[in-house]
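The values are calculated or read from the model by the stated rules, or taken from the named source; none is laboratory data. In this text, all values refer to a predicted model and were calculated from it rather than measured experimentally. Here Cβ is always computed from backbone atoms with ideal geometry, including for glycine, and neighbour counts include all displayed protein chains. Please note that ligands, DNA and RNA were not included when accessible areas were found on the heavy atoms of the full protein model with its side chains. Shrake-Rupley method; radii C 1.70, N 1.55, O 1.52, S 1.80 Å.
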Amino acid sequence: MSILNDLQRLQHLGFAHCGAWQFDGVSAIDFALHFTPEGKNVLYAFVSDTEILYVGKTVQGLHKRLYGYKRPGPTQSTNIHANSLILKRLSNSSVEIYVWACDGLMTYGGFRVDLAAGLEDAIVHDLQPVWNKRK
């Protein structure tokens, strides 16, 4: 019986590598994606080596959500904080981006179930990524 590391656990769920954060060479971050999942109900994870740093969910599309981290507005405290953490990590390591897109087909008792939201909660609770705020 093998023990899966946290990244392998996400990959077992269907998370796939889709890109990485990059340092622009001056003072800012950027991202490069080799694919973007269809749909707007997407989970994403930021990973360095095999360490899960952050897990989030977006309903606005992955590219738009990542752009918020890249160029946060002055009142977007979560985006500002994440931008700073990504920039700091890029000084000595890589930050890879993994995604999982929900097909939206689950129902329970005739109600649509947001599997992405439930998985995000469970993943953050169980894996406790260092960049996710603890409540």
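Report whether or not Lys64 is touching a strand residue (DSSP E or B) at 6+ places or on another chain (Cβ under 8 Å), closer than 17 Å to Lys133 by Cβ and of a type in the set (D, E, K, R). Even if it seems obvious, please write down each step before you answer.
Numbers: touching a strand residue (DSSP E or B) at 6+ places or on another chain (Cβ under 8 Å): yes; closer than 17 Å to Lys133 by Cβ: no; of a type in the set (D, E, K, R): yes.
Against the criterion (touching a strand residue (DSSP E or B) at 6+ places or on another chain (Cβ under 8 Å), closer than 17 Å to Lys133 by Cβ and of a type in the set (D, E, K, R)), Lys64 does not qualify.
Return the residues of segment 2-26 that are in contact with a strand residue (DSSP E or B) (Cβ under 8 Å, 6 or more places away or on another chain) and among the aliphatic types (A, V, I, L, M); say none if nothing qualifies.
Pass one, segment 2-26, residues in contact with a strand residue (DSSP E or B) (Cβ under 8 Å, 6 or more places away or on another chain): 6-7, 10-11, 13-24.
Answer for segment 2-26, where residues must be in contact with a strand residue (DSSP E or B) (Cβ under 8 Å, 6 or more places away or on another chain) and among the aliphatic types (A, V, I, L, M): Leu7, Leu10, Leu13, Ala16, Ala20.
Based on this model, can you work out whether Val47 counts as of a type outside the set (Ser, Thr, Tyr), at pLDDT below 95 and within 11 Å of the chain's Cα centre (by Cα)?
So Val47 does not fit the description; no.
Restrict the check to segment 24-45 and report whether at least one residue is open to solvent by 10 Å² or more (accessible area, probe 1.4 Å), out of contact with any helix residue (DSSP H, G or I) (no Cβ under 7 Å at 6 or more places or on another chain) and assigned to a helix (DSSP H, G or I).
no
So that you can scan it fast, the table gives a plain yes or no per residue for (1) at pLDDT 90 or above; (2) open to solvent by less than 70 Å² (accessible area, probe 1.4 Å):
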{"site": "Gly73", "(1), (2)": "yes, yes"}
{"site": "Asn79", "(1), (2)": "yes, yes"}
{"site": "Val99", "(1), (2)": "yes, yes"}
{"site": "Cys102", "(1), (2)": "no, yes"}
{"site": "Val113", "(1), (2)": "no, yes"}
{"site": "Lys133", "(1), (2)": "no, no"}
